[in-house]
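Chemist: Please see the structure below; I have some questions.
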Amino acid sequence: MRDTSLPPRPKVILYGPALLGVCSIILVFAWIAAPDSVLSNGGQVFFIVLWAWLAYSAYFGAGFVRAAIALIMIGSVWSIINSDTGLTSLGIGSSAGDLLSKIIGIIALALFTTKPARTWFQTIHTMQKNEKK
């Protein structure tokens with residue numbers, strides 16, 4: 001679906017993808033500034049690309065982004081629970097960029113679950129469904 005065919009985006013749909021894009025940028029800069037704090041270069045690249053892709057997808061109306069962010073956060077909580085160090089693993093074993101990107105991701109998720117965002121995503125979904133008929 002082309003951008004010109006989308007209904008006007010509410011502000012939360014402008015801010016949410018921007019925040020997800022910031023997550024990618026933060027991870028890149030954290031990786032450059034403190035490469036030793038990154039436990040897995042492959043994991044770092046994965047999350048840089050993932051946050052950027054989620055930002056793009058949300059901007060163009062993919063409602064699955066909300067579920068994807070929620071799954072990322074559930075996975076993060078699960079890793080803390082299963083960590084040998086428990087809650088202290090929040091500060092140990094994660095880079096500052098990783099922690100900041102998770103916090104920003106939660107804020108973006110909150111924006112995407114507001115009424116204007118839900119309505120917009122539903123409108124996009126309906127439009128796409130009608131195009132397939």
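The values are calculated or read from the model by the stated rules, or taken from the named source; none is laboratory data. All values derive from a computational prediction rather than experimental measurement. A quick note on method: Cβ atoms are made from the backbone with ideal geometry, for glycine too, and the neighbour counts reach across all protein chains shown. Only protein heavy atoms, including side chains, enter the accessible area calculation; ligands, DNA and RNA are left aside. Shrake-Rupley method; radii C 1.70, N 1.55, O 1.52, S 1.80 Å.
Chemist: In the stretch 18-27, how many are open to solvent by 50 Å² or more (accessible area, probe 1.4 Å) and touching a residue at least 40 places away in the same chain (Cβ under 8 Å)? Before you say what the answer is, go through the steps one by one.
Modeler: Just the residues of the stretch 18-27 that are open to solvent by 50 Å² or more (accessible area, probe 1.4 Å), to begin with: 18, 22, 25.
Pick out the ones that are also touching a residue at least 40 places away in the same chain (Cβ under 8 Å) and you get 22.
Of the residues in the stretch 18-27, 1 are open to solvent by 50 Å² or more (accessible area, probe 1.4 Å) and touching a residue at least 40 places away in the same chain (Cβ under 8 Å).
Chemist: Another question, if that's okay. Taking the conditions exactly as written (open to solvent by 80 Å² or more (accessible area, probe 1.4 Å), modelled with pLDDT of 95 or more and within 24 Å of Asn130 (Cα to Cα)), does Tyr15 satisfy them or not? Explain how you work it out, then say what you get.
Modeler: Working: open to solvent by 80 Å² or more (accessible area, probe 1.4 Å): yes; modelled with pLDDT of 95 or more: yes; within 24 Å of Asn130 (Cα to Cα): no.
Against the criterion (open to solvent by 80 Å² or more (accessible area, probe 1.4 Å), modelled with pLDDT of 95 or more and within 24 Å of Asn130 (Cα to Cα)), Tyr15 does not qualify.
Chemist: Just wondering, is there one or more residues in the stretch 69-90 that are crowded, with 19+ Cβ neighbours inside 10 Å, under 30 Å from Lys132 (Cα atoms) and at pLDDT 95 or above?
Modeler: yes
Chemist: What number of residues in the stretch 38-52 are among the polar types (S, T, N, Q) and either loosely packed, with under 15 Cβ neighbours inside 10 Å or modelled with pLDDT of 95 or more (or both)?
Modeler: Looking only at the stretch 38-52, we keep the residues that are among the polar types (S, T, N, Q), and these are 40-41, 44.
Now drop any that are not either loosely packed, with under 15 Cβ neighbours inside 10 Å or modelled with pLDDT of 95 or more (or both), which leaves 40-41.
Residues meeting the conditions: 2.
Chemist: Which residue out of Ala55, Ala62 is closer than 30 Å to Ser5 by Cβ, assigned to a helix (DSSP H, G or I) and either of a type outside the set (S, T, N, Q) or at pLDDT below 85 (or both)? Write out each step before concluding.
Modeler: Working: Ala62 fails: assigned to a helix (DSSP H, G or I).
Result of the check over Ala55, Ala62: Ala55.
Chemist: Which one is nearest to Gly21 (Cα to Cα), of the residues in the stretch 58-68 that are surrounded by 14 or more Cβ atoms within 10 Å (Cβ to Cβ) and over 10 Å from the mean Cα position of the chain (by Cα)?
Modeler: Going through the stretch 58-68, the residues surrounded by 14 or more Cβ atoms within 10 Å (Cβ to Cβ) turn out to be 58-63, 65-66, 68.
Then keep just the ones that are over 10 Å from the mean Cα position of the chain (by Cα); that gives 59-63.
Values: Tyr59: 10, Phe60: 14, Gly61: 15, Ala62: 15, Gly63: 17 Å.
Once the filter is applied, the top-ranked residue is Tyr59.
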